[in-house]
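All remarks here apply to the structure that follows.
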Amino acid sequence: MSTQTTPTPTAVPSASRAPVPGPTLLRLTQVELRKSADTRAGFWLLLVVALTSPAVAVLQMLFAEEEDKTFSMFLANTQLPVALLLPVLGILLVTSEWSQRTAITTFALVPDRSRVLGAKVLAATVLGVLGVLATVLAAALGSLLTPVLTSDGTDWTVSGAQVGQVVVVQVLGILIGVAFGMLLLSSPLAIVLYFVAPTVVTIVSNLVEALTWMRDWLDLTTTTAPMYLGELDGQGWLQVATSVGLWGVLPMVAGWLRIERSEIA
Amino acid sequence: MIAVEHLTKRYGTQVAVSDVSFRCPPGTVTGFLGPNGAGKSTTLRALCGLARPTSGTATVGGRPYRDLPNAGRHVGVLLDAGAQHAGRTGRETLALSAMVLGVTSSRVDEVLHQVGLAGKPAGKWVGKYSLGMRQRLGLATALLGDPEVLVLDEPANGLDPEGIFWMRGLLREFADRGGTVLLSSHLLREVEAVADQLVVIAGGRVVAQGSTEELLAGTGVLVRARDTAALAAALAAAGIGVTGAPAGALVADASAEAVGIAAAAAGVALLELRPAGGDRLEELFRSLTSTSDSGPAAPQIQETRV
């Protein structure tokens with residue numbers, strides 16, 4: 001490269017300047033959100049998340065039975081691709097700092113590592129809500145176009161419980177991804193284990209009769225299934241809590257402590 | 001002002017850094033020298049809050065790095081130019097840091113210009129950057145917050161000769177304006193040219209430190225005569241020790257004046273009499289590190305000179 005190396009005067013380094021306060025948690029959250037979108041991989045992943053929901057809605061509109069072409073059913077089904085991809089986004093939010101080794105810069109600028117991790121959790125929560133927003137738009141698109149493009153009618157009723165539970169399940173999903181990322185600090189390892197480990201639990205608990213309690217209390221797919229239609233009730237919440245405790249809280253606490261103590265190199 | 005005091009870092013039973021102490025006053029460039037695995041990077045990581053010392057302290061302006069309210073506004077850090085996201089553009093990399101630091105985007109343009117990455121290179125993926133360009137981007141990140149202290153690990157690595165010359169000027173100017181610079185390097189010549197003081201580390205311990213002039217003063221003079229045997233006898237007669245004998249010459253452990261007088265007294269005609277040359281620091285470096293127990297240190301230093 002050509003080196004246009006004019007010795008531009010450096011601003012005077014002086015120790016006597018007024019102290020500049022550190023970045024607020026809000027600012028750090030904005031930074032983390034930007035980080036999730038400003039790389040090639042991140043940009044494409046977000047685009048795929050945003051585009052799969054309308055794709056599902058269109059397929060449902062064209063091929064489903066009439067009684068399934070309600071806003072509520074559109075909303076339930078468009079969750080599936082988002083629920084699959086958001087955790088990956090959550091994993092990468094953490095692991096890319098290690099795979100790309102940007103953690104050195106990140107923690108040199110903000111030595112209080114808990115603040116950075118807190119900002120990542122908040123950013124993931126925002127992304128989860130944005131993911132649901134995308135599905136709401138997709139479901140509205142499906143409901144809107146059904147009477148126009150097909151001979152079927154549509155039904156716009158939706159319960160507050162469904163919207164609320166869908167938001168909770170998506171936010172929990174991406175945070176579990178963040179937790180896996182924090183625990184493993186490796187993109188491929190975290191992504192593979194995120195998909196494999198719960199599946200193993202599902203298979204085992206379905207095979208062994210004595211272990212059905214595992215499926216009911218620890219298998220995320222089973223415990224969260226009613227949430228997509230807003231049908232989770234009393235004991236269901238407890239079952240969601242125990243499974244999230246195992247797959248989300250435990251790895252996040254362990255990973256958080258490890259990152260706090262480890263050497264960044 | 002950087003102060004490292006009795007810093008020790010152990011990994012299990014292995015001691016990476018042992019009782020390292022040194023200070024870098026404002027207005028100076030400190031060269032931090034040592035062979036691979038000597039503990040340079042560990043020391044710098046401990047200084048920047050990225051590794052916890054087993055014992056001892058490292059402070060910047062009297063405070064541990066982790067207690068600085070907005071660390072990047074006080075200390076510009078470049079520990080590894082390769083540690084940048086390959087899928088971001090150079091400008092975006094700086095824009096993110098600027099958000100954290102709370103500096104304007106015009107400051108991003110400023111540092112891009114300062115390190116010679118303004119224009120097209122700023123919009124390229126970092127993955128497409130050469131090592132030299134990454135070093136420049138890393139240096140831009142370090143300068144972004146307008147800090148009063150710079151901590152740089154091997155910043156000349158990958159720069160072309162012109163780039164090295166440019167960086168030398170940049171660091172010199174930064175220090176002359178009252179800034180504090182601590183840079184580690186294998187490029188001994190580069191450090192010799194820019195550093196006011198040196199800290200030499202080997203096997204995790206400081207083996208020499210002091211002003212560059214002071215440390216290099218003791219490395220002797222190179223003297224060559226038509227009759228080398230007669231010169232050696234003359235120096236021996238004058239009580240001047242000979243520390244080395246490169247082809248056809250002698251390195252005498254004394255001032256040029258003493259050597260000249262001894263030669264004249266013995267009637268030996270000299271062909272050459274000068275300070276022991278551009279490799280003075282390397283000589284020092286090798287003599288210090290080869291006596292330590294850091295085994296393969298010396299060969300590694302030679303490799304880095306190729």
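Observations on the model:
- Here B:Glu214 meets each of (1) under 11 Å from the mean Cα position of the chain (by Cα); (2) surrounded by fewer than 17 Cβ atoms within 10 Å (Cβ to Cβ) with one exception, condition (1).
- When each of A:Ala134, A:Ala119, A:Ala108 is tested for being part of a helix (DSSP H, G or I) and in contact with a strand residue (DSSP E or B) (Cβ under 7 Å, 6 or more places away or on another chain), the lone residue that passes is A:Ala108.
- Output for region B:102-115, where each listed residue is facing another protein chain (nearest Cβ under 9 Å) and of a type in the set (Gly, Ala, Ser): B:Gly102
- Complete set of residues in region A:41-95 that are of a type in the set (Gly, Ala, Ser), assigned to a helix (DSSP H, G or I) and either away from chain B (no Cβ under 14 Å) or farther than 14 Å from A:Leu127 by Cβ (or both): A:Ala41, A:Ala50, A:Ser53, A:Ala55, A:Ala57, A:Ser72, A:Ala76, A:Ala83, A:Gly90
- Residue within region B:50-69 that is farther than 18 Å from B:Pro147 by Cβ, of a type in the set (Lys, Arg) and either surrounded by fewer than 17 Cβ atoms within 10 Å (Cβ to Cβ) or in the same structural domain as B:Gly158 (by TED's automatic domain parsing) (or both) present: yes
- Residue ID - surrounded by the most Cβ atoms within 10 Å (Cβ to Cβ), chosen from residues in region A:119-140 that are small (Gly, Ala, Ser) and in contact with a helix residue (DSSP H, G or I) (Cβ under 6 Å, 6 or more places away or on another chain): A:Ala124
- Among the residues making up region B:217-239, those that are modelled with pLDDT of 85 or more and surrounded by fewer than 20 Cβ atoms within 10 Å (Cβ to Cβ) are B:Arg224, B:Arg226, B:Asp227, B:Thr228, B:Ala229, B:Ala230, B:Ala232, B:Ala233, B:Ala236, B:Ala237, B:Ala238, B:Gly239.
- Members of region B:4-33 that are on the phi > 0 side of the Ramachandran plot and out of contact with any His (no Cβ under 7 Å at 6 or more places or on another chain): B:His6, B:Gly12, B:Gly27
- Residue, surrounded by the fewest Cβ atoms within 10 Å (Cβ to Cβ), within region B:89-101, restricted to residues that are under 15 Å from A:Thr39 (Cβ atoms) and either more than 7 Å from chain A (Cβ to nearest Cβ) or among the hydrophobic types (A, V, I, L, M, F, W, C) (or both): B:Ala95
- Residue match in region B:79-88 (condition: of a type in the set (A, V, I, L, M, F, W, C) and surrounded by fewer than 22 Cβ atoms within 10 Å (Cβ to Cβ)): yes
- Only listed residue being modelled with pLDDT under 90 and either within 24 Å of the chain's Cα centre (by Cα) or surrounded by 18 or more Cβ atoms within 10 Å (Cβ to Cβ) (or both), chosen from A:Val12, A:Val49: A:Val49
- Subset of region B:1-32 [free of Cβ contacts under 8 Å to residues at least 24 places away in the same chain and within 10 Å of chain A (Cβ to nearest Cβ)]: B:Tyr11
- Considering residues of region A:224-265 that are among the aliphatic types (A, V, I, L, M) and within 14 Å of chain B (Cβ to nearest Cβ) only, the residue farthest from A:Arg101 (Cα to Cα): A:Leu257
- Index of the failed condition, B:Ala118 passing every other in (1) hydrophobic (A, V, I, L, M, F, W, C); (2) over 25 Å from A:Leu25 (Cβ atoms); (3) more than 7 Å from every other protein chain (Cβ to nearest Cβ); (4) in contact (Cβ under 8 Å) with a residue 24 or more places away in the chain: (4)
- Residue check for B:Gly90: touching a Phe, Trp or Tyr at 6+ places or on another chain (Cβ under 9 Å) and modelled with pLDDT of 95 or more: yes
- So B:Pro35, is it more than 9 Å from chain A (Cβ to nearest Cβ) and assigned to a loop (DSSP other than H, G, I, E, B): yes
- Filtered by the rule that a residue be under 21 Å from B:Leu101 (Cβ atoms) and in contact with a Phe, Trp or Tyr (Cβ under 8 Å, 6 or more places away or on another chain), region B:29-58 gives B:Leu44, B:Leu47, B:Cys48, B:Gly49, B:Leu50.
The values are calculated or read from the model by the stated rules, or taken from the named source; none is laboratory data. Computed from a prediction, not measured in an experiment: that's the story for all the values here. Cβ: placed from backbone, ideal geometry, glycine included. Neighbour counts: every protein chain shown.
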